[in-house]
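Reading through the structure tokens given below for one structure.
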Amino acid sequence: MYNPLNTEEQRVILHKGTEAPFSGEYENFFKKGVYVCKQCNTPLYESTSKFHSGCGWPSFDACIQGAIKEQLDADGRRTEIICAKCGGHLGHIFFGEGFTEKNTRHCVNSIALIFNGE
């Protein structure tokens, strides 16, 4: 069973949309806890991996092991990240930008996440 999604959540999670930059609930949110998939509640990111990139979406430099899958977008130019359990679209992953020592940025739509605080 998956969580019910509203129209905008469906547009992003099921139909690979993107929320407007700087509009998401978690873009400037830095409490301790775990971010889970809004569709299936699978733990995806720990708050310790979140950082401020200024890109307009929540940014993480690591995911919980095995939580996401990477695949090329339909246009073949970017790498999409999806929930490994339900296949819901989360956002995109970028490498080589130098924001953190891991040199990786998971750029995630806030609307695809639920935060569970400590």
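Read-outs throughout are calculated quantities, based only on the coordinates presented, and are distinct from any laboratory measurement. Only a predicted model underlies this, so the values are computations on that prediction, with no experimental measurement involved. With ideal geometry, Cβ positions are generated from the backbone for all residues, glycine too; neighbour counts draw on all protein chains shown.
Miscellaneous remarks
- Packing rank of 82-92, 26-36, where each peptide gets the mean count of other beta carbons within 10 Å, highest leading: 82-92, 26-36
- For the peptides 51-62, 105-116, residues were scored by their other Cβ atoms within 10 Å and the scores averaged per peptide; the highest-first order is 105-116, 51-62.
- Debye-sum result for the chain in log10 I(q)/I(0), which assumes one identical scatterer on each alpha carbon, at q = 0.14, 0.17, 0.22 Å⁻¹: -0.51, -0.77, -1.38
- For region 7-117, the tally of Lys pairs with Cα-Cα distances below 15 Å comes to 7, considering only residues 8 or more apart or on different chains.
- Residue-averaged [θ]222 nm for the chain, counting only DSSP H segments that reach four residues, each worth -39500 (n - 2.57): -1500 deg cm²/dmol
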